[in-house]
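The values are calculated or read from the model by the stated rules, or taken from the named source; none is laboratory data. All values derive from a computational prediction rather than experimental measurement. Neighbour counts are summed over all protein chains in view; Cβ atoms, including those assigned to glycine, are modelled from backbone coordinates with ideal geometry.
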Amino acid sequence: MTATLDHSQASEAITSVVVAAARAAGALVPAGAELVAGAAVTDPDAVPVPPAAAAAVSARLSGEVTGDVVLVLSAEVVEALDNSPVGPMDVATALRPALEAAAATLGRVRVDSERTEDPVTALDGLRDKGMLVAVPLAAGAEHVATLALQVTLPTTPRARRGSLDLLRHVAMEVTVEIGRTRMTVGELLSLHPGEVVELDRAASAPADLLVNGTLIARGEVVVVDEDFGLRISEIVTDAAAGLGQDQP
């Protein structure tokens, strides 16, 4: 009885977080009016999609929460991107900020491998992977988009440790990020040499160390033999701590 109650409480918590993620994504979907999140649906066979769903953007989630996210778009949104003032825009690239905003509500979560898919194919890819929550986004009575998110429950510490041992000698891409910003197309077109673009991070704040897109550590940017480097000041994830341990 206790286990069932705990599972129910966890499901409710995940659902409320996904609704918040949908609101964050909806604020960055190029629609003619403000998008409002509707009632969440957890039945994979009853996911609400726009009547004229034209495309879907799918991506992986990594970090404190892992899983997959799908943003289904109406034909109106896709047509607006195809006929933008700066020429046709790639749907996946244009909607990445919306997916990142949704991921940010989940914690330290990264979005990667975003791609444009057929809506039916994209939603089918979420089945049988974990808990699925879908939230419709509407402008008045018009259903404009749907955010669907599948969450994968974390593995046990022992299983994570075994996986790390297998990956210990695998080379991975390491990136240092000092900050980000968002700009409208108009602001991008107005850029000129010498202009300063302000980032979302204070000059004294540490930089992020990302491994394959996952936040691992933070530190101070330094110069080493005329090259930039990072002096680690904080280990963020259990995975990073595991990678730093000696094998038994």
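Details
- When residues in segment 46-92 are screened for being small (Gly, Ala, Ser) and assigned to a loop (DSSP other than H, G, I, E, B), 3 of them pass.
- Any chance Arg180 is closer than 30 Å to Leu61 by Cβ and at pLDDT below 90: yes
- Condition check for Thr116: within 17 Å of Arg60 (Cβ to Cβ) and in a helix (DSSP H, G or I): no
- Pairs are defined by a Cβ separation below 6 Å, a sequence spacing of at least 6 or placement on different chains, a first member in segment 83-108 that is surrounded by 17 or more Cβ atoms within 10 Å (Cβ to Cβ), and a second member that is of a type outside the set (A, V, I, L, M) and part of a loop (DSSP other than H, G, I, E, B); the pairs so defined are Pro97/Arg182.
- Residues of segment 57-82 that turn out to be in contact (Cβ under 8 Å) with a residue 60 or more places away in the chain and under 14 Å from Glu117 (Cα atoms), as a count: 9
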